[in-house]
């Protein structure tokens, strides 16, 4: 019995997860090393990877800050009523349920050039949609719940007593957060950050809609892969995809490491 | 005294900033899309809702997502069981691999499936010999959905299995139940909430999936075009109104699922 | 520091936790807040600390109103029921925390920490982490931490609730001694009577958000002011109609007067045990229960069941045996009044003057 299940499971994993990865690695070398290198170093590829990098850095920084604060408020804030907290809590999860394309659509509807806000910003020279800001906003939307959801359960579990003790000993909000709360949530935040980075790198649909996918201007790495496939330029697509896959594996390793540190702390 | 004032201003600043951020980033866009869908003319609304291609896309998406979810429910339960109950070399490797679909960009996943199941690959040729094509047909969509939602059921069932007190099983044995009976009457029931919630999350995700699907589906309207691709198509062809209305449909469905999952989990925690 | 509380009110949602509570505590006193769970005592303590805000009422430290001061500025030390030690800091780190926050010079901090380690008997444990300590040790760290910044008021929330019974006794004595030595005004919350009686200078009985009585343990025990207090302290038996008992029944007692009778006020024995036999009446032993250090005896007089303790040294009775019972005094109450009544027959009706 045992052997059967272990064997079957390993087979499923091998077929579903491992083989596809291996295929990308092989595909990238279809035209040999030069094919791979060319695919990776062409200007649009370099730009796309750079775009992805920028978006990820900004999004991770912003959502880490706001995500942790949101988690703190949802769990600890006395100034938010219980009903309101429950409502906010359920709204936090919404981006998970939204299809990325719809996410992109929402940003375009709200901030596009023919909308109220868009037409205000346009003459100022600030382009949101079909430009970097729009891409960032779309990715912020999609990754928002990740860190919040990682931090909230930990905050609930550790309870507020240590923080109250710090208050009675004279520590104000910042000191208490930094010296008492942060050490307890540190690894959950890190895990959330890794998840956010992975998700931001992988973001495809929302950014595709919002950025207009202008090659060399607003194209991210994932969008470039899409374009390459549509143009039957498979080797090039593989090259970029391999870089992305490699980062994913690295991130996966980070994820597992952070997860184990997080669990060890509990 | 200044200390207090200082910290009060800072608190106020932070609170407003975070709440504003939340409002503008999450609440406003979602409200916006609903508002937009209802702001057009009734005729426009009716036209879009009755557009056959739109309907076909939605129905197709639901059908394929259900299939993918069913597959994942089975595979996921089996995998969760194996990973929790058995010790074997490579177990922690497999356990880490479960998260791979979460870490991998969906476009890359699509590419992988494209390469693996294309008409010139071994698998593609085997399928052709059996008389059906995978790539650019519905099976490819299901494969993409299964890949992308693979972790959901596993990660939902694992903690439940880990929590299960061995003593419950042992009690069942001492009362004379066989292994099979114990599995079905004692163990499986405790796994069911995880299978259910994991499946619902997987279904919701499968409905929404775009990246992996768009690369492998072929996207033939009415045949292999899923809802998210249809929406994309409408946006690109300058019909945001149509896109919005179908989006609202999809959103409402996803929100309903999400709400159900939360509701059930709350009940479970309270009870 | 003297603490005064006036007309404190606190409601949580629809639940009224604290109703119109007022009291004064003098400098250097050790006060116990005693009462059943959910009675409001912890709420009062937390309001004194600034961890909760009262809906109305004033809290004054040394005559100055502190309602608007946050906990950081009240100069209090707070010891939590579950210690609330900073898990990722060493014992030293925990104790020094309050001093670091107040930016004490390093040398002075080291000295103070050493002083407290000595005081709490934790020398040698400085570098340990909370998870490496026993429950009793953790609680001592919590004390040391609370005392380090030289607070003017020490607040303790059920400090021994999470500790093993044996260690609890030791810690109680240790706490009492320490607070006496330091002379710091202290208030602690407990639901354990013995603890309150042993440790506190004065006790406040809190029930349903109100102060039922404030006084020394002896006072409260001897002269309970309300039926609740009478019943709460010690183990009383409730008697529906006290008039049935000898020495308590005669004209003058309104019908419907109930009584609470403490076991220690009930004496049983053979006829030869009692000098004043006329004050006793016949009773039947119903049940005996061994309690480790004495017997618990249930004795029935007519329709009234009473409970008393009997020393292991004395003759052991058997269920069904007839004995003589003397009720020394009872705590009586009806709708309007409550008072303590001595058994009228205890006074020799025929004093003989030689």
For this session: Of the conditions (1) part of a helix (DSSP H, G or I); (2) farther than 28 Å from residue B:114 by Cβ, residue B:176 clears all except one; give me its number.
Result: (1)
Exercise. Being surrounded by 17 or more Cβ atoms within 10 Å (Cβ to Cβ), in the same structural domain as residue C:213 (by TED's automatic domain parsing) and closer than 25 Å to residue C:172 by Cβ, is that true of even one residue in the stretch C:50-63?
Worked result: yes
Exercise. Taking into account only those residues within the stretch C:216-236 that are under 14 Å from the mean Cα position of the chain (by Cα) and farther than 13 Å from residue C:260 by Cβ, which is surrounded by the fewest Cβ atoms within 10 Å (Cβ to Cβ)?
Worked result: C:218
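For (1) more than 8 Å from chain A (Cβ to nearest Cβ); (2) in contact (Cβ under 8 Å) with a residue 60 or more places away in the chain; (3) closer than 30 Å to residue A:240 by Cβ, each residue gets a yes or a no:
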| residue | (1), (2), (3) |
| --- | --- |
| B:63 | yes, no, no |
| B:69 | yes, yes, no |
| B:74 | yes, no, no |
| B:77 | yes, yes, no |
| B:84 | yes, yes, no |
| B:88 | no, no, no |
| B:92 | yes, no, no |
Exercise. Taking helices (runs of 4 or more DSSP H) that fall entirely within the stretch C:161-225, which contain at least 3 residues that are on the phi < 0 side of the Ramachandran plot, without any contact (Cβ under 8 Å) to a residue 40 or more places away in the chain and out of contact with any helix residue (DSSP H, G or I) (no Cβ under 6 Å at 6 or more places or on another chain)?
Worked result: C:165-182, C:217-222
For this session: Report, ordered by the first and then the second residue, all pairs with beta carbons closer than 6 Å, sequence separation of six or more or different chains, a first member in the stretch B:109-120 that is outside the structural domain of residue B:143 (by TED's automatic domain parsing), and a second member that is crowded, with 23+ Cβ neighbours inside 10 Å and outside any helix (DSSP H, G or I).
Result: none
Problem set entry | Count of the stretch A:1-30 residues which are in contact (Cβ under 8 Å) with a residue 24 or more places away in the chain and either touching a strand residue (DSSP E or B) at 6+ places or on another chain (Cβ under 6 Å) or surrounded by 17 or more Cβ atoms within 10 Å (Cβ to Cβ) (or both) | 4
Problem set entry | Residues satisfying the stated conditions in the stretch B:35-60, i.e. within 13 Å of chain A (Cβ to nearest Cβ), in a helix (DSSP H, G or I) and modelled with pLDDT under 85 | B:35, B:36, B:37, B:38, B:39
For this session: Report whether or not residue A:221 is buried (at least 22 other Cβ atoms within 10 Å of the Cβ) and under 15 Å from residue B:100 (Cα atoms).
Result: no
For this session: Kindly check whether there is at least one residue in the stretch A:178-187 that is within 13 Å of chain B (Cβ to nearest Cβ) and touching a helix residue (DSSP H, G or I) at 6+ places or on another chain (Cβ under 8 Å).
Result: no
Problem set entry | Those residues of the stretch A:155-177 which are over 20 Å from residue C:148 (Cβ atoms) and part of a helix (DSSP H, G or I), in sequence order | A:155, A:156, A:157, A:158, A:173, A:174, A:177
Seminar exercise, completed: Residues of the stretch B:230-250 being surrounded by fewer than 22 Cβ atoms within 10 Å (Cβ to Cβ) and under 21 Å from the mean Cα position of the chain (by Cα), in sequence order, are B:248, B:249
Exercise. Is it true that some residue in the stretch C:132-144 is surrounded by 15 or more Cβ atoms within 10 Å (Cβ to Cβ), within 11 Å of chain A (Cβ to nearest Cβ), within 32 Å of the chain's Cα centre (by Cα) and over 24 Å from residue C:184 (Cα atoms)?
Worked result: no
Problem set entry | Restricting the stretch A:80-127 to residues that are assigned to a loop (DSSP other than H, G, I, E, B) and either surrounded by 24 or more Cβ atoms within 10 Å (Cβ to Cβ) or modelled with pLDDT of 90 or more (or both), the residue that is farthest from the other protein chains (Cβ to nearest Cβ) | A:98
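Each row is one residue, and each column tells you yes or no for (1) assigned to a loop (DSSP other than H, G, I, E, B); (2) over 28 Å from residue A:149 (Cβ atoms); (3) at the interface with chain A (Cβ under 10 Å from one of its Cβ atoms); (4) out of contact with any strand residue (DSSP E or B) (no Cβ under 7 Å at 6 or more places or on another chain).
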site: B:195; (1), (2), (3), (4): no, no, no, yes
site: B:205; (1), (2), (3), (4): no, no, yes, yes
site: B:229; (1), (2), (3), (4): no, yes, yes, yes
site: B:243; (1), (2), (3), (4): no, yes, yes, yes
site: B:261; (1), (2), (3), (4): no, no, yes, yes
site: B:265; (1), (2), (3), (4): no, no, no, yes
site: B:268; (1), (2), (3), (4): no, no, no, yes
Exercise. If you check residue A:145 against the conditions, is it more than 10 Å from chain B (Cβ to nearest Cβ), part of a helix (DSSP H, G or I) and within 23 Å of residue A:199 (Cα to Cα)?
Worked result: no
For this session: Of the numbered conditions (1) more than 9 Å from chain B (Cβ to nearest Cβ); (2) over 30 Å from residue A:213 (Cβ atoms); (3) not in a helix (DSSP H, G or I), residue A:152 fails exactly one; give the number of that condition.
Result: (3)
Exercise. Could you say whether any residue in the stretch A:213-221 is closer than 23 Å to residue A:28 by Cβ, part of a helix (DSSP H, G or I) and under 16 Å from the mean Cα position of the chain (by Cα)?
Worked result: yes
For this session: Being in contact (Cβ under 8 Å) with a residue 60 or more places away in the chain and not in a loop (DSSP other than H, G, I, E, B) is the filter; apply it to the stretch B:125-142 and report the residue that is surrounded by the most Cβ atoms within 10 Å (Cβ to Cβ).
Result: B:141
Problem set entry | Cβ-Cβ under 7 Å pairs, at least 6 apart or on other chains, the stretch A:198-209 side more than 7 Å from chain B (Cβ to nearest Cβ) and farther than 16 Å from residue A:225 by Cβ, far side at pLDDT 90 or above and in a helix (DSSP H, G or I) | A:199/A:142; A:199/A:143; A:199/A:146
Exercise. If only one of B:209, B:236 is assigned by TED's automatic domain parsing to the domain that holds residue B:57 and in contact (Cβ under 8 Å) with a residue 40 or more places away in the chain, which one is it?
Worked result: B:209
Exercise. Which helices (runs of 4 or more DSSP H) does the stretch B:66-124 wholly contain that include 1 or more residues that are within 17 Å of the chain's Cα centre (by Cα) and crowded, with 18+ Cβ neighbours inside 10 Å?
Worked result: B:100-103, B:106-117
For this session: Examine the stretch C:121-130 for a residue that is out of contact with any strand residue (DSSP E or B) (no Cβ under 8 Å at 6 or more places or on another chain), more than 22 Å from residue A:176 (Cα to Cα) and crowded, with 19+ Cβ neighbours inside 10 Å, and state whether such a residue exists.
Result: yes
For this session: Among what's in the stretch A:128-142 and is within 14 Å of residue B:235 (Cβ to Cβ) and under 18 Å from the mean Cα position of the chain (by Cα), pick the residue that is nearest to the other protein chains (Cβ to nearest Cβ).
Result: A:138
Seminar exercise, completed: Those helices (runs of 4 or more DSSP H) completely within the stretch C:58-160 that have 2 or more residues that are farther than 27 Å from residue C:195 by Cβ and touching a helix residue (DSSP H, G or I) at 6+ places or on another chain (Cβ under 7 Å) are C:91-101, C:106-119
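The values are calculated or read from the model by the stated rules, or taken from the named source; none is laboratory data. Predicted model only: the values in this text are computed from it and were never measured. All Cβ positions, glycine included, derive from the backbone under ideal geometry; neighbour counts span all protein chains shown.
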